[in-house]
1. Kindly report the accessible area of the chain per residue (heavy atoms of protein chains, probe 1.4 Å, no ligands, DNA or RNA), in Å².
2. PRE reach from D9 (point 7 Å along Cα→Cβ): which of the range 147-178 fall under 13 Å by backbone N?
3. Per the helix-only calculation at 222 nm, which mean residue ellipticity applies to the chain, given -39500 (n - 2.57) for every DSSP H run of n ≥ 4 and division by its residues, nearest 500 deg cm²/dmol?
4. Of T174, T135, which has the most accessible area and how do the rest follow, probe 1.4 Å?
5. List, largest first, the extents of the alpha carbons of the chain along their principal axes, each in whole Å.
6. Sequence-distant or interchain residues sharing an amide H contact under 5 Å with G21, placed H: which?
7. Quick query: amide H of F151 versus all other amide H atoms, modeled in the peptide plane; which residues come in under 5 Å with a sequence gap of 5 or more or a different chain?
8. Residue by residue through the range 185-194, what is 3J(HN,Hα) from phi via Karplus (6.51 cos²θ - 1.76 cosθ + 1.60, θ = phi - 60°)? Round to whole Hz and write x for glycine and proline.
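The values are calculated or read from the model by the stated rules, or taken from the named source; none is laboratory data. The shown structure was predicted, so the numbers you read here are calculated from the model rather than taken from an experiment. Here the Cβ positions follow ideal geometry from the backbone for every residue, glycine too, while neighbour counts run over all protein chains shown. These area figures cover heavy atoms from the full protein model, side chains too; ligands, DNA and RNA do not enter into them. Shrake-Rupley method; radii C 1.70, N 1.55, O 1.52, S 1.80 Å.
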Amino acid sequence: MPDPVSVSDRLRGMVPTLSVGVLAADLMNLERDVRLLEQSGVKILHFDIMDGCFCPMLTAGQQFVKAVKTSLIKDVHLMIQDPLPKLESYVAAGADILTVHIEGCLHPHRIFQALGQMAGPAGKPVRGVGLNPGTPLSLIEPLLDELEMVFLLAINPGWGGQKFINSTVRRVETLREMIRKSGRNILIGLDGGITRGNIADVAKMGADIVVTGSAVFEGKKVVENAHFMMDAVMSGQKG
Ligand code: DX5
Ligand code: ZN
C-alpha cells in the first residue's frame, strides 16, 4: 500500500513547480501531449472540472481524470457546485490533489474534514481550497487546520487564456502572512492568466505551484514552452 502522506511529501519536495492545464492540450492527440509533458520534466497535470453551474463551461469529470494514464501527479481543480457528494468519486478516479472552491460549499469545514478521511489509489489526496479573485481570504482562516494547499485564482473561473488580475499580488502576500500565523505548512498555488510574458514576475510572488494552460500548448511547442515556464518558476525561487 502506498504511504498515505506520500503525495503531500512528494509535492513539498518538488516546489516551486508547474502544474499544466490538460484542457489546453490538443485533445485529439492527448496521449502524445501528455507524454511530451512527462518528457519535459513537468511533474503535475491540472484538470479543470467545470459543471456548467458554478461557472459557465462544462468540461470533463471523473471518467476523464481516471482515463488519463500518466506518471504525473493529478491535480484536480473542481469548479463545481455542492462538491461533497462527488468527492469520493474524484479521489477514486486518482486525484492526488483535490481542490474545492469555497464559493461552491455550504459547509466548507465539513467538506475538508470529510476529504481528510478519504483515500484513493495513491493514498490521501492533498486537500486544496480554491478562491475566486473576488472572495475574501478571511473565509479560509477557520479552515487552515483541514488544508494542505490554497489555490488563488488570478482570473474568474470558466476559461483559459484570460488576463491575470493584478490584485492577486496583494492577495498572495496576505495569504502568506495568514499561513505563517497559523503555524501550518500549507502550500500556495496560483492559477490563471500566467503566460511567457508575466511568468518571471509571477515566480517572484513565491507561489509553490503555478498553474498554466494555454502558454504551454501555444504554437504546439509543448516541450520548449514547458521548459521556459519551468525554468522561470524555479529561478523565481533563487532570486
Ligand atoms: C480557469 C482554470 C484555469 C485555466 C488556466 O477556470 O481554472 O486552470 O484553465 O488557463 P490559462 O493558463 O490559459 O489561464
Ligand atoms: Zn484550474
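1. For the chain, the per-residue accessible area is 45 Å².
2. Nothing falls inside the zone, counting backbone N under 13 Å.
3. -10000 deg cm²/dmol
4. In descending accessible area the options line up as T174, T135.
5. Dimensions of the chain along the principal axes of its Cα atoms: 43, 37, 37 Å.
6. H46, T212, G213
7. V129, G130, L131, G189
8. Along the range 185-194, the couplings run 8, 10, 7, 10, x, 10, 9, x, x, 9 Hz.
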